[in-house]
Amino acid sequence: MIKSLQNIGLLAHVDAGKTSITENILFLSQHTKQLGSVDKGNTVTDSMRVEKDRGISVRAAHTAILLNNHKINLIDTPGHVDLFYDC
Ligand SMILES: Nc1nc2c(ncn2[C@@H]2O[C@H](COP(=O)(O)OP(=O)(O)OP(=O)(O)O)[C@@H](O)[C@H]2O)c(=O)[nH]1
Ligand SMILES: [Mg+2]
């Protein structure tokens, strides 16, 4: 049974590390078996072809973790301002 639900949006300037920290949260909470890298194009939230090729987030991506029955939604947003307004 889920005890609580929190929604966390990661918002910061371009290349601040939003996608990298999301990837680390997933890995360190044991929701993924390998730590992906933006530079290798294998993160969970930069899943579009254009995101992998360019190493930038193009659209907001949702993922979630469950810790001791507390669910935390993570929204990894793009930092490029022209893309941010498309979220
Ligand atoms: N030195 C250093 N580089 C980092 C760190 N976190 C991320 N990077 C690098 O910074 C670059 C951008 O990281 P991202 O995680 O894509 O940053 P982002 O905020 O999601 O970028 P956008 O979504 O495009 O705005 C990549 O080359 C990462 O390897 C960090 O803690 N230290
Ligand atoms: Mg990103």
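Quick check on the range 36-43. Is at least one of its residues closer than 16 Å to Asn73 by Cα and of a type in the set (S, T, N, Q)? I'd like the intermediate steps shown before the answer.
Going through the range 36-43, the residues closer than 16 Å to Asn73 by Cα turn out to be none.
So far as the range 36-43 goes, no, none of its residues is closer than 16 Å to Asn73 by Cα and of a type in the set (S, T, N, Q).
Any residue at all in the range 31-44 that is of a type in the set (D, E, K, R), in a loop (DSSP other than H, G, I, E, B) and under 12 Å from the mean Cα position of the chain (by Cα)?
Within the range 31-44 (the criterion being of a type in the set (D, E, K, R), in a loop (DSSP other than H, G, I, E, B) and under 12 Å from the mean Cα position of the chain (by Cα)), the answer is no, since none of the residues qualifies.
Select from the range 25-36 the residues that are surrounded by 14 or more Cβ atoms within 10 Å (Cβ to Cβ) and not aliphatic (A, V, I, L, M) and write down the one among them that is farthest from ligand 2 (Cβ to nearest atom).
By that ranking, first place goes to His31.
Could you list, in sequence order, all residues of the range 61-86 that are assigned to a loop (DSSP other than H, G, I, E, B) and either out of contact with any Leu (no Cβ under 9 Å at 6 or more places or on another chain) or at pLDDT 95 or above (or both)? Working first, answer last.
So in the range 61-86, the residues assigned to a loop (DSSP other than H, G, I, E, B) come out as 68-69, 77-80, 85-86.
Hits for the range 61-86 are Asn68, Asn69, Thr77, Pro78, His80, Tyr85, Asp86.
Are there any pairs, at least 6 apart or on different chains, whose C-beta atoms fall under 9 Å, with the first in the range 5-16 and among the β-branched types (Val, Ile, Thr) and the second exposed (fewer than 12 other Cβ atoms within 10 Å of the Cβ), and if so, which?
From the range 5-16, the pairs are Val14/Val81.
For Thr45, state whether it is without any contact (Cβ under 8 Å) to a residue 40 or more places away in the chain, within 11 Å of ligand 2 (Cβ to nearest atom) and within 16 Å of Asn7 (Cα to Cα).
Details: without any contact (Cβ under 8 Å) to a residue 40 or more places away in the chain: yes; within 11 Å of ligand 2 (Cβ to nearest atom): yes; within 16 Å of Asn7 (Cα to Cα): yes.
It is true that Thr45 is without any contact (Cβ under 8 Å) to a residue 40 or more places away in the chain, within 11 Å of ligand 2 (Cβ to nearest atom) and within 16 Å of Asn7 (Cα to Cα).
Considering the range 45-60 alone, what residues qualify as being basic (Lys, Arg) and either touching a Pro at 6+ places or on another chain (Cβ under 8 Å) or part of a loop (DSSP other than H, G, I, E, B) (or both)? So that I can check it myself, show each step before the final result.
Taking the range 45-60 and keeping what is basic (Lys, Arg), we get 49, 52, 54, 59.
Correct list: Arg59 only.
The values are calculated or read from the model by the stated rules, or taken from the named source; none is laboratory data. The shown structure was predicted, so the numbers you read here are calculated from the model rather than taken from an experiment. All Cβ positions, glycine included, derive from the backbone under ideal geometry; neighbour counts span all protein chains shown.
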